[in-house]
There are 2 protein chains.
Amino acid sequence: MVDKNTKAWSGCPVRFGMSQFGDKWSFLIIRDLMFKGRKYYHEFIEAGEGISTNVLATRLADLESNGIINKSRDPVKGSRFIYTLTQKGIELMPMMLAMMDWAEKFDAETEVPQEFIKKLRSDPNKLQQEILKNLPK
Amino acid sequence: MVDKNTKAWSGCPVRFGMSQFGDKWSFLIIRDLMFKGRKYYHEFIEAGEGISTNVLATRLADLESNGIINKSRDPVKGSRFIYTLTQKGIELMPMMLAMMDWAEKFDAETEVPQEFIKKLRSDPNKLQQEILKNLPK
DNA sequence: TCATTTAACTTGTTATTTACAAGTAAAACT
DNA sequence: AGTTTTACTTGTAAATAACAAGTTAAATGA
């Protein structure tokens, strides 16, 4: 794949994004954390997309080492970990929302609640604040 | 990879996006078309990212079949083709700009001209119109 | 007009990554 | 203390990407 360590791999924001989260599974994990309230390993597995366990493990590790997500032991149930978005991860929200807006427009099958889309198009900042409020800290 | 033909693969806007352009190379091709003025096969190859010829060919074909780009013979020089963004492709601009905004914020190496970033943060719609004006039709 | 060049691929092979299946380890529950 | 839960790791087969070389169709130059 792309070698992000070469000199040529620096400077461009799109390349940077791709090197940090530019993979289908990373996007879906971020979506789960941002919009679906998922936070445990098993929840990502059971999300039904069909990610395999080894790929999930490496993606979570990559996202963590890139500072996009945070991993901590569940204080309630110590056999599991809680994954949350860092500030850096949270700030991917405008990009994710722009993508959702686009998809809703061009994909007949996409089923975003009308209320969500309406808010997104009329007052995106307000929508973002609402989503943010519901994110686990 | 993800089977976008299963029932489970429909409904979600993020999954839809990933199935249509969710791959590093697709992003970079879209970036080239949207911001770098590239439009020929050889320009994508020579962009210096290191994409291989077979991968470029399949990505261009996929993007075309997904209606994101358009392929037509160059009227001036019939031995080559011109690739351009369709309306559907152009409307990925807000997402791309959101990504660039994010990258500029979190990557010290990212070198987006200050003027660009300033415009992006103060009046993104105006910036978009300017970029749009410069896109080949 | 016919050989050469240019541009866009295609094909073949190797290397890397992913998918799938099964096993392991650490903590919690009983 | 033994079973269960959760989060992985490991091994192998299949798919994809990288790399190198070859092919085709149009343009260009002699």
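Every residue in region A:57-91 that is among the basic types (Lys, Arg), open to solvent by 60 Å² or more (accessible area, probe 1.4 Å) and under 15 Å from the mean Cα position of the chain (by Cα), please.
Of everything in region A:57-91, just one residue is among the basic types (Lys, Arg), open to solvent by 60 Å² or more (accessible area, probe 1.4 Å) and under 15 Å from the mean Cα position of the chain (by Cα), namely A:Lys71.
Table: residues versus (1) more than 18 Å from the chain's Cα centre (by Cα); (2) touching a residue at least 24 places away in the same chain (Cβ under 8 Å); (3) not in a helix (DSSP H, G or I).
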site	(1), (2), (3)
B:Met100	no, no, no
B:Ala108	yes, no, yes
B:Ile117	yes, no, no
B:Arg121	yes, no, no
B:Gln129	no, no, no
B:Lys133	no, no, no
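For region B:57-83, how many residues meet the condition of being within 26 Å of A:Phe106 (Cα to Cα), aliphatic (A, V, I, L, M) and not in a strand (DSSP E or B)? The qualifying residues number 5. For B:Pro94, the conditions (1) more than 11 Å from chain A (Cβ to nearest Cβ); (2) touching a residue at least 12 places away in the same chain (Cβ under 8 Å); (3) in contact with a helix residue (DSSP H, G or I) (Cβ under 6 Å, 6 or more places away or on another chain) are fulfilled apart from (1).
Limited to region B:23-49, what total is found for residues that are among the aromatic types (Phe, Trp, Tyr), within 11 Å of the chain's Cα centre (by Cα) and farther than 14 Å from B:Leu63 by Cα? Lay out the reasoning, then the answer.
Pass one, region B:23-49, residues among the aromatic types (Phe, Trp, Tyr): B:25, B:27, B:35, B:40-41, B:44.
Imposing the further condition that a residue be within 11 Å of the chain's Cα centre (by Cα) reduces the set to B:25, B:27, B:35.
From what's left, farther than 14 Å from B:Leu63 by Cα: B:35.
So the count comes out to 1.
The number of residues in region A:22-56 that are assigned to a helix (DSSP H, G or I), open to solvent by 50 Å² or more (accessible area, probe 1.4 Å), more than 11 Å from chain B (Cβ to nearest Cβ) and touching a residue at least 12 places away in the same chain (Cβ under 8 Å) comes to 2. Any residue at all in region B:92-99 that's within 12 Å of DNA strand D (Cβ to nearest atom) and open to solvent by 10 Å² or more (accessible area, probe 1.4 Å)? No, every residue in region B:92-99 fails to be within 12 Å of DNA strand D (Cβ to nearest atom) and open to solvent by 10 Å² or more (accessible area, probe 1.4 Å). For region B:103-111, the criterion of being within 13 Å of DNA strand C (Cβ to nearest atom) and either farther than 28 Å from B:Leu127 by Cα or of a type in the set (Ser, Thr, Tyr) (or both) is met by none of the residues.
The values are calculated or read from the model by the stated rules, or taken from the named source; none is laboratory data. Just so it is clear, the structure is predicted and the values come from calculations on it, not from any experiment. Methodologically, a virtual Cβ is constructed for each residue, glycine included, from the backbone with ideal geometry; neighbour enumeration extends over all protein chains shown. Ligands, DNA and RNA are stripped out before the accessible areas are found, and what is left, the full protein with its side chains, is counted by its heavy atoms. Shrake-Rupley method; radii C 1.70, N 1.55, O 1.52, S 1.80 Å.
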